[in-house]
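First, the structure itself, so that you have it in front of you.
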Amino acid sequence: MLSEAEHQELNEILKKYPDKRSAVLPALYIAQRARNYLTDDDIRGVAEALDISVTEVQAIVGFYTLLRKDPTGKYIVQVCTDLPCALRGAEEFYRRLCQRLGLPPQGGTTDDGLFTVEAVVCLAACDKVPLAQINLKYYENLSDDRIDAILDGLRRDSEDA
Amino acid sequence: MSLLAEHVLLRHRDVPHIRDINVYTNHGGYDALRKALSDMRPEEVTDVVKAAGLRGRGGAGFPAGVKWSFIPAGVKPVYIVVNADESEPGTFKDREIIEANPHQMIEGIALCAYAVGAQAAYVYGRGEFKGPFVGLQQALDDAYEKGFLGRNILNSDFSFDIYTHLGAGAYICGEETALLESLEGKLGQPRNRPPFPAQVGLYNKPTVVNNVETLTNVPPIVLHGAQWYRQFGTDKSPGTKIFCLSGHVARPGNYELPLGAPLRHLIEECGGGVPGGRALKAILPAGASAPILPGPGWGTGDILDLSLDYESVQAAGSMLGSASFIVMDETVDMVWAASKMAHFFKHESCGKCSPCREGTYWVEDVYHRLRDGSGRPGDVDLLLNIADQMDGNCFCLLGEFSVCPVRSSIQHFRDEYEALVKG
């Protein structure tokens, strides 16, 4: 469910639109922020806040790839392996990354629950290959060493927290 | 090296820090808006954009000023929706504008709003642009503070607001009516056309939907005039265009060139050519959504002589689209390349119409078995047959375009397919 602070945040966003249904994606992003995925309770909370049926919000969650219903790692690592990136070695980069993290070649979530690794289609950065988004932040012109260092940094942040 | 003395769109490459509003205004920024509000009637702004011949840069190439003139008089409110859902494989130009030269786009949106009498605009970005949109919101806040947006802009009676909105991962939302559905909080699935968004758009109101790059062209057109703009490009494809160059070139990146520049210049001068002295095998001029053009050793004539304007690329058998050029050298397995695009379209089909929903799955299935060694006799013709069944029967262009890589790769590289069936 949305907290009081989240309701206030949503009320600010609602001022942008003549129809509050337009705020469904922003509201779902707010609800998803804490855990990286949406529970049935979260979805009900958004449906109630915007006067939309739960079924319709469920359909929206199912339609858009950045909205998730399954538990994921704390950090979602999305590596682009679409054609322009694949031509510059992104598929091998992705396979090696999965291997070093002890994951199957198609990706998955590390045992410690820290990283969910996925291959995705075009991220609009085809001139900076290999690249990834980690929790929607761009990391470009990567190498094996660079992404390892980035993931190590996130691991340390997580242990400190 | 460049065919332009200075950039018209990627001005940050000539003027450092132009993303800062003070730098932008010190270099002529918002002068076009000032000029329009003080010296021009709204229809004069539309007229100059029409006279300049600016064509939509999102892919369709439809004349922008003509699109604006479809907005009916007397129906309020009018909306502008800026398509920043940049998701075509190989396309990364709008992101560079938003990150590095956002005020020129913002000024272009405001000029469009003045021309069509709009009260509000929404910039719809793909969900993955969360980071770039933080900077865009800052730029919008700065523009409000300086009086270029909001109530009584520059002390005129023109008032106008711009809002940002992020999608959540769906290529189909780049289709303008699917984008409107998504912005209304629904599934991003395309609408029937007609009615077109100019009549019945966002919240059923008249709406202009334009691409980021299209609107970024507007301030220099209004400031310097149509004749100035037409010094660049060709008669039918005027102006400059950002070409996104990716794949097998030494220097991938965005390059702004006059329309009609030779492909040779883009690939060899800008991109540094195909690395390692390898031969150029094929080019996709508009990401995954246009037919493949074969390289000199695989097709007739020299593709590098191609002139990069809408008409010439079409005459060569493909489309300029959003001008996302994916370059492939002689080492590329074309069945693999086509299968990557088949996967893309299957992943992104919205599921609304059965030819696309079923067809893209079926196509990818056939590619799977071709590539894992279990290709059957007749599979190549089967792919062509599925393409024929989809062609003309899909609800929107996603499905229609999905057959382009299939057909064109078979047309030019059929031997590579047949080898997999026999092998």
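Take the Cα atoms of the stretch B:133-172, build their convex hull, and give its volume per residue in Å³.
Details: hull volume 2.8 nm³, N = 40.
Taking only Cα atoms, the stretch B:133-172 has a hull volume of 71 Å³ per residue.
Let me ask you something else. Please state, as a whole number in µm²/s, the translational diffusion coefficient that the Stokes-Einstein equation yields for the stretch A:71-121 at 10 °C and 1.306 mPa s, with Rh defined as the Kirkwood radius across alpha carbon pairs. Write down the numbers at each step before the final one.
On the way: Rh = 10.9 Å.
The Stokes-Einstein estimate is 146 µm²/s.
Here is a further query. In deg cm²/dmol, rounded to 500, what helix-only [θ] at 222 nm does chain B give when every DSSP H run of at least 4 residues adds -39500 (n - 2.57) and the total is split over its residues? Each step should come with its number before you reach the end.
Values: 16 runs with 172 residues, N = 423.
-12000 deg cm²/dmol, from helical runs alone.
Please provide three numbers in whole Å: the alpha-carbon extents of the stretch A:4-63 along the principal axes, with the largest listed first.
Sorted largest first, the three principal extents are 26, 22, 17 Å.
For the stretch B:240-329, calculate the relative contact order in percent as a whole number, restricting contacts to Cα pairs under 8 Å that are 6 or more residues apart. Before the final figure, lay out each step's value.
Details: 192 pairs, mean separation 31.7, N = 90.
Computed value for the stretch B:240-329: 35 percent relative contact order.
Placing unit charges on C-beta atoms (Lys and Arg positive, Asp and Glu negative, everything else neutral), compute the dipole magnitude of chain B about its Cα centre in debye, rounded to 20. Could the numbers behind the result be given before it?
Numbers: 38 positive and 50 negative charges, 108 e Å.
Here chain B has a charge dipole of around 520 debye.
Can you tell me how much longer the chain between B:His224 and B:Ser159 gets when fully stretched, taken as 0.36 nm per residue apart minus their C-alpha distance, in nm with one decimal? Before the final figure, lay out the partial values.
Values: separation 65, 0.36 × 65 = 23.40 nm, distance 2.43 nm.
Separation in residues times 0.36 nm, less the Cα-Cα distance, equals 21.0 nm.
So which chymotrypsin sites (Phe, Trp or Tyr not before Pro) in the stretch B:100-150 are both in a DSSP loop and have at most 16 other Cβ atoms within 10 Å of their Cβ?
Working: sites: B:Tyr114, B:Tyr122, B:Tyr124, B:Phe129, B:Phe133, B:Tyr144, B:Phe148; in loops: B:Phe148.
Filter output for the stretch B:100-150: empty list.
Further question on the same structure: Between B:Ser69 and B:Gln314, 0.36 nm times their residue separation minus their Cα-Cα distance comes to what? Present the calculation step by step, with values, prior to reporting the outcome.
On the way: separation 245, 0.36 × 245 = 88.20 nm, distance 2.64 nm.
Gain on extension, B:Ser69 to B:Gln314, equals 85.6 nm.
Please state, as a whole number in µm²/s, the translational diffusion coefficient that the Stokes-Einstein equation yields for the stretch A:47-161 at 20 °C and 1.002 mPa s, with Rh defined as the Kirkwood radius across alpha carbon pairs. Spell out each step's value before the answer.
Values: Rh = 15.3 Å.
The calculation lands on 140 µm²/s.
Once label points are set 7 Å from the Cα along Cα→Cβ at both A:Asp40 and A:Arg96, what is their separation, rounded to one decimal in nm?
4.5 nm
Got a sec? Charge dipole of the stretch B:76-205, +1 on Cβ for Lys and Arg, -1 for Asp and Glu; which of B:Pro102, B:Gly201, B:Gly90 is way out at the positive end?
B:Gly201
Assuming R0 = 51 Å, can you tell me the calculated FRET efficiency for the pair B:Arg13 and B:Glu418, based on Cβ-Cβ distance, to the nearest 0.05? Each step should come with its number before you reach the end.
Working: r = 47 Å, r/R0 = 0.91.
Computed FRET efficiency for B:Arg13 and B:Glu418 comes out at 0.65.
Using only the alpha carbons of the stretch B:334-421, determine the length spanned along each of the three principal axes and report them from longest to shortest in whole angstroms.
Principal axes ranked by extent give 35, 21, 19 Å for the Cα atoms.
Also, I was wondering about something else. Can you tell me the FRET efficiency between B:His368 and B:Gln119 if r is taken as the Cβ-Cβ distance and R0 is 51 Å, rounded to the nearest 0.05? Each step should come with its number before you reach the end.
Numbers: r = 50 Å, r/R0 = 0.98.
Here the calculated transfer efficiency is 0.50.
Sticking with this one: Counting only helical runs of four or more DSSP H residues, what would the 222 nm mean residue ellipticity of chain A come to if each run contributes -39,500 (n - 2.57) and the total is spread over all its residues?
Working: 7 runs with 73 residues, N = 161.
It comes out at -13500 deg cm²/dmol, rounded to the nearest 500.
Further, regarding this structure: Mind checking A:112-122 for the average number of partner chain beta-carbons within 10 Å of each residue's beta-carbon? It would help to have the intermediate numbers written out before the result.
On the way: counts 0, 0, 0, 0, 0, 0, 0, 0, 3, 11, 16.
Partner-chain Cβ atoms within 10 Å, mean over residues of A:112-122: 3.
Stretched out fully, how many nm does the piece from B:Asp305 to B:Val23 gain, at 0.36 nm a residue minus the Cα gap? List each step's numbers first, then the result.
On the way: separation 282, 0.36 × 282 = 101.52 nm, distance 3.93 nm.
Net length gain for the segment: 97.6 nm.
Going by C-beta contacts inside 10 Å, put B:Glu96, A:Glu48 in order with the fewest on the left.
Details: B:Glu96 25, A:Glu48 13.
Ranking B:Glu96, A:Glu48 by Cβ neighbours within 10 Å, fewest first, gives A:Glu48, B:Glu96.
Can you give the Rg to Rh ratio of the stretch B:1-135, both from alpha-carbon atoms, with Rh computed by the Kirkwood formula?
My calculation puts Rg/Rh at 0.96.
On to the next question. How big is D, in µm² s⁻¹, for the stretch B:11-229 by Stokes-Einstein at 25 °C and 0.890 mPa s if Rh is the Kirkwood radius over C-alpha pairs? All intermediate terms of the calculation are to be shown ahead of the outcome.
On the way: Rh = 17.1 Å.
Rounded to a whole number, D works out at 143 µm²/s.
Sticking with this one: Based on C-alpha coordinates, I'd like the Rg and Dmax of the stretch B:255-398, in Å.
When restricted to the Cα atoms of the stretch B:255-398, Rg and Dmax are 16.6, 47 Å.
Can you give the angle from 0 to 90° between the axis of helix B:354-371 and the longest principal axis of chain B, with both taken from C-alpha atoms, to the nearest 10?
Roughly 50 degrees between the two axes.
Also, quick follow-up: Taking the stretch B:255-331, which GluC sites (Glu not before Pro) meet the DSSP loop condition and have no more than 16 other C-beta atoms within 10 Å?
Values: sites: B:Glu256, B:Glu268, B:Glu269, B:Glu311, B:Glu330; in loops: B:Glu330.
Of the GluC sites (Glu not before Pro), the ones in loops of the stretch B:255-331 whose Cβ has at most 16 other Cβ atoms within 10 Å are B:Glu330.
A further question follows. Angle, helix A:40-50 long axis vs. longest principal axis of chain A, Cα atoms, 0 to 90°, nearest 10?
Helix A:40-50 sits roughly 50 degrees off the main axis of chain A.
Tilt of helix B:102-116 relative to the longest C-alpha principal axis of chain B, in degrees (0 to 90, nearest 10)?
Tilt of helix B:102-116: around 70 degrees.
A further question follows. What residue among A:Glu91, A:Glu140, A:Glu12 shows peak mean-square fluctuation when chain A is described by a Gaussian network model with Cα springs under 10 Å?
Result: A:Glu12 has the largest fluctuation of those listed.
So what's the Cα pair-distance distribution over the protein assembly as shown, bin width 10 Å, in %?
Distribution as computed: 3, 17, 27, 28, 18, 6, 1, 0 percent.
Can you tell me the dipole magnitude for the protein assembly as shown around its Cα centre, using point charges on the Cβ only (Lys, Arg +1; Asp, Glu -1), in Debye to the nearest 20? Please report the intermediate quantities before stating the final value.
Working: 57 positive and 77 negative charges, 146 e Å.
Here the size comes out at about 700 debye.
Which FRET efficiency value, to the nearest 0.05, do you get for A:Glu56 and A:Met1 by plugging their Cβ-Cβ distance into 1/(1 + (r/R0)^6) with R0 = 22 Å? Intermediate values should be presented prior to the final figure.
Values: r = 18 Å, r/R0 = 0.82.
Computed FRET efficiency for A:Glu56 and A:Met1 comes out at 0.75.
Run through every distinct alpha carbon pair of chain B and return the Kirkwood hydrodynamic radius in angstroms, one decimal place.
On the way: mean 1/r = 0.0450 Å⁻¹.
The Cα-based Kirkwood calculation yields 22.2 Å.
For the stretch B:11-229, what relative contact order do you get, as a whole percent, if you take Cα pairs closer than 8 Å and at least 6 residues apart? List each step's numbers first, then the result.
Values: 415 pairs, mean separation 64.9, N = 219.
Across the stretch B:11-229, relative contact order equals 30 percent.
Once you charge only the Cβ atoms, +1 for Lys and Arg and -1 for Asp and Glu, what is the size of the charge dipole of the stretch B:1-82 about its Cα centre, to the nearest 20 debye? Walk me through the intermediate numbers first.
Values: 11 positive and 8 negative charges, 57 e Å.
Roughly 280 debye for the stretch B:1-82.
Next up: Can you give the Rg/Rh ratio of the stretch B:240-329, where Rg is from the C-alpha atoms and Rh is the Kirkwood radius?
On the way: Rg = 11.4 Å, Rh = 12.5 Å.
Rounded to two decimals, Rg/Rh equals 0.91.
Where the centroid of each part is defined by its Cα atoms, how far is the stretch B:375-423 from the stretch B:88-106 in Å?
33 Å
When only Cα pairs under 8 Å and 6 or more residues apart are kept, what is the percent relative contact order across chain B?
16 percent
Values in this text are rule-based calculations from the coordinates and carry no lab data. This structure is a prediction, so every number in the text was calculated from the model and none was measured. Here the Cβ is made from the backbone with ideal geometry for all residues, glycine too, and neighbour counts use every protein chain on show.
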